[in-house]
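Here the structure is laid out as structure tokens; the discussion comes afterwards.
What follows is calculated from the coordinates using simple rules that are stated; it is not laboratory data. Keep in mind the model is a prediction, meaning the values are calculated, not measured. Don't worry about glycine lacking a Cβ; one is built from the backbone with ideal geometry, like all the others, and counts go over all protein chains shown.
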């Protein structure tokens, strides 16, 4: 059970934080006026 | 379900809150129009205040109708109705006078073919008086029906304070009625291509969405306040509450999407110096969909404690163990779901506090070598942190909401500090004066105060959150 919880913590947080940093990267790019 | 009112009481509770919320919003826009010398914004506000005054007629007629329908019913106190009636008449008179003054200003400007003027701040002054009276009338109107708010008997560690129900009843009208005005002002801004009104409407959408968070939390607390222990003399069904909660969950998602797109456009337009047509249309689309969801949510909420608006044809839910909210509650009670979301919540605070701290350092003058615009870029990380924590916090609350609202004394201050911190972030996202602070320059004094409040608010949220299991 502990192993499953640790695995879930890693997977969920990797997905959420990955999404957040991708969103921040894209938003900063569009805010710079560069859409390439 | 009948969303369209079929009785005077239903119509009265539906339109009764529009003057107070409408006046607060329109006067805010009117002040912005006066300060920036934007005649178009002032004209629209004057026209809308005049239109709002016309609402006095259906409010008065439906009020008389409700009074006649409730007369002789022992559940409703005649004294409470009489007090509400007296203050409402005063509020409606002030509303009509504000509307007449607004219409007169518009007519004068139109006749003289000149911009509108308010030399004696007549519309503003009457509007503020009407707003204050309308707020008092609304509060007294709540007391006519919601007798549970005056319950004095509480069982320690079992009863949830009725203050939560009271807060929910007040707060829920801000996003619902607020969205109606925000959409009207936003459409006008898009048609007339007025940047001040576009910016103002986006800010208004974000404020409504921020208020949605404490509304949802207070709603969950109100569920416990009304059902555990059950209220004597009130027929409150947990199944009906659950059906309202399920719709409220969709509302929260709708608000999150609308607020997110509106905030991103506010933030992005700063650097670009213009608005994106696609983003503005997207905000409008999300706002209209969210308003639709909110209307049904509000109607289901009204059915909980307003037997007088129920129709014989209404089929109310009877099983309290079905629905999305109940399902999520069961899921979040398991460690395998609670712990990962709690970790997401902590990462969210790291993002919020990191971004907030950088902005605070610059505004307070500890990091003058960079322009404010450079720290403005970081705000997006704080915003994404808020979004992460609204979702993860809501899920965590599902896991043990009864304990949070009954036993944890730091939960209420935490929930109260969240909108304060978020509004401060909104100020730094939208303020013109702060945006123009170059490297080496000092920020305006107002901005420094807001920065201090923002830092204390978010520090308070984190401290209160951490103290939850212990105090």
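A few comments on the model shown:
- Each of residue B:113 and residue B:331 was given a label point 7 Å from its Cα along the Cα-to-Cβ line. The distance between the two points is 6.5 nm.
- Residues residue B:79 and residue A:7, FRET efficiency given R0 of 51 Å [Cβ-Cβ distance, rounded to 0.05]: 0.25
- Stretching residue B:346 away from residue B:31 to a fully extended chain increases their span by 109.5 nm, per 0.36 nm per residue minus the current alpha-carbon distance.
- Residue B:361 versus residue B:132: modelled label distance in nm, points set 7 Å from Cα along the beta carbon direction: 4.4 nm
- Volume per residue that the Cα convex hull of chain B spans, once the total is divided by residue count, Å³: 153 Å³
- Förster-model FRET efficiency, 51 Å R0, residue B:470 and residue B:86, C-beta, rounded to 0.05: 0.60
- Pairwise FRET efficiency - residue B:163 versus residue B:370, Cβ, R0 = 51 Å, nearest 0.05: 0.70
- Shape of the range B:244-379 from the C-alpha gyration tensor: oblate (a/c of 1.5 or more and a/b not above b/c, with a ≥ b ≥ c the square roots of its eigenvalues).
- The protein assembly as shown: C-alpha gyration tensor shape, a/c 1.5 cut-off, then a/b vs b/c: oblate
- Along principal axes, Cα extents of the range B:1-145, largest first, whole Å: 56, 30, 22
- In nm, spacing of pseudo-spin labels at residue B:69 and residue B:104 (7 Å Cα→C-beta vector): 3.6 nm
- Mean sequence separation of contacting Cα pairs (under 8 Å, at least six apart), scaled by the length of chain B, corresponds to a relative contact order of 14 percent.
- Shielding by partners, peptide A:5-11 (average Cβ within 10 angstrom, other chains): 4
- Centre-to-centre, using Cα atoms only, the range B:181-258 and the range B:33-52 are separated by 26 Å.
- Which of B:129, B:390 has the fewest Cβ neighbours within 10 Å, and the rest in rising order: B:129, B:390
- Estimated from helical segments only, the mean residue ellipticity of chain B at 222 nm is -26500 deg cm²/dmol, where each DSSP H run of four or more residues counts as -39500 (n - 2.57).
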